[in-house]
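Data block below; observations after.
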Amino acid sequence: MTSYLTGDRAAIAAALIVPLAAAAILLPFRAAWSNTNTALLVAVVVAVAAIGNRIAGAIAAVGAAVWFDFFFTLPYYRFTIRNPADVTTFVLLLGVGAAVSRLAAYARRLKVVAITDAGYPAQIHETTALTQTAKFPQDVVDHVRQQLTSLLDLQQCRFEYGVLLGHPPRLEPDGTVLAAHGRGDVAKAGLPAEEIELRVFGNSQYHRRFMMKPKPGSRPSLQARLVAVTLADQAGRALAAGVPMPSTG
């Protein structure tokens, strides 16, 4: 997390500095300003968005448009534009720069997600293999509990042996979280602060549940939540095939 914050700060710093630097480099060619020079400013915006985020790209787009106005439109060195053609170029530079920066930042985010998601099939395969070789269902349950803790960014995760008590928020098979007020938007609001249940089934029968306490601000992706449900299903298969787990109460 710290590395991402550091990278985003660096990108925002670049968004403030690089468009000005690019404009200064192009300044000697002001008399021969062309669409190629405008494209170079757009390329600067794309480069900043590619290494940072959408906010950095938007700042770079504004900076590119502003410094175009300051250095390359009459009257020079004033934030004033008199020529209608320059106004059009300014608007296009701002609009195209912002749009392209958004696409570049989105492509960067997809790359991060793809790298993260590459580990999900391995986790499922590992648990499936353990389900087939473990001597005791408890081994599979403990393994899944550890996976859930990492996967969903939890403070703690326990397997509850007793009967269902209370009505805590519940992680559903479709990856949504169902609470008393309805289905929450995990991407925006994060996981609920209280414990969340993940019910475990095997051969269509209920086999107790995992109780999960998220860390503050935890926002696992939909892919991560779906993987969590799949891992719980693996635990359910182990419980259905093995020796019954101990009960309390």
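For region 89-106, the criterion of being modelled with pLDDT under 80 and in contact with a Leu (Cβ under 9 Å, 6 or more places away or on another chain) is satisfied by at least one residue. I'd like the full set of residues that are closer than 13 Å to Asp153 by Cα, surrounded by fewer than 19 Cβ atoms within 10 Å (Cβ to Cβ) and of a type outside the set (A, V, I, L, M, F, W, C), limited to region 193-217. Selection gives Lys213, Lys215, Pro216, Gly217.
With respect to Thr80, is the statement that it is among the hydroxyl-bearing types (Ser, Thr, Tyr), closer than 30 Å to Ala238 by Cα, surrounded by fewer than 15 Cβ atoms within 10 Å (Cβ to Cβ) and at pLDDT 75 or above true? So Thr80 fails the test.
The set of residues from region 120-167 being in contact with a Lys or Arg (Cβ under 9 Å, 6 or more places away or on another chain) and farther than 17 Å from Gly202 by Cβ comprises Leu151, Leu152, Asp153, Leu154, Gln155, Gln156, Cys157, Arg158, Gly162.
Of all positions in region 6-17, none carries a residue that is among the hydroxyl-bearing types (Ser, Thr, Tyr), surrounded by 13 or more Cβ atoms within 10 Å (Cβ to Cβ) and at pLDDT below 85.
Please go through region 107-153 and give me each residue that is in a helix (DSSP H, G or I), among the hydrophobic types (A, V, I, L, M, F, W, C) and at pLDDT 85 or above, ordered by number. Spell out the reasoning first.
Looking only at region 107-153, we keep the residues that are in a helix (DSSP H, G or I), and these are 107-117, 120-133, 137-151.
When the remaining residues are screened for being among the hydrophobic types (A, V, I, L, M, F, W, C), the result is 107, 110, 112-115, 122, 124, 129-130, 140-141, 144, 148, 151.
Hits for region 107-153 are Ile124, Ala129, Leu130, Val140, Val141, Val144, Leu148, Leu151.
Taking region 177-192 only, how many residues are out of contact with any Lys or Arg (no Cβ under 9 Å at 6 or more places or on another chain) and either at negative phi or surrounded by 13 or more Cβ atoms within 10 Å (Cβ to Cβ) (or both)? Qualifying residue count, region 177-192: 6. The residue that is nearest to Arg219 (Cα to Cα), among those in region 177-192 that are assigned to a loop (DSSP other than H, G, I, E, B) and in contact (Cβ under 8 Å) with a residue 24 or more places away in the chain, is Gly190. Within the option set Arg208, Arg158, being modelled with pLDDT under 90 and assigned to a strand (DSSP E or B) holds for one residue only, Arg208.
Just need a number here: residues in region 44-87 that are more than 17 Å from Leu16 (Cβ to Cβ) and out of contact with any Lys or Arg (no Cβ under 9 Å at 6 or more places or on another chain). Of the residues in region 44-87, 10 are more than 17 Å from Leu16 (Cβ to Cβ) and out of contact with any Lys or Arg (no Cβ under 9 Å at 6 or more places or on another chain).
The values are calculated or read from the model by the stated rules, or taken from the named source; none is laboratory data. This is a predicted model, so every value here is computed, not measured. As a convention, Cβ positions derive from the backbone with ideal geometry for all residues, glycine included, and neighbour counts pool all protein chains shown.
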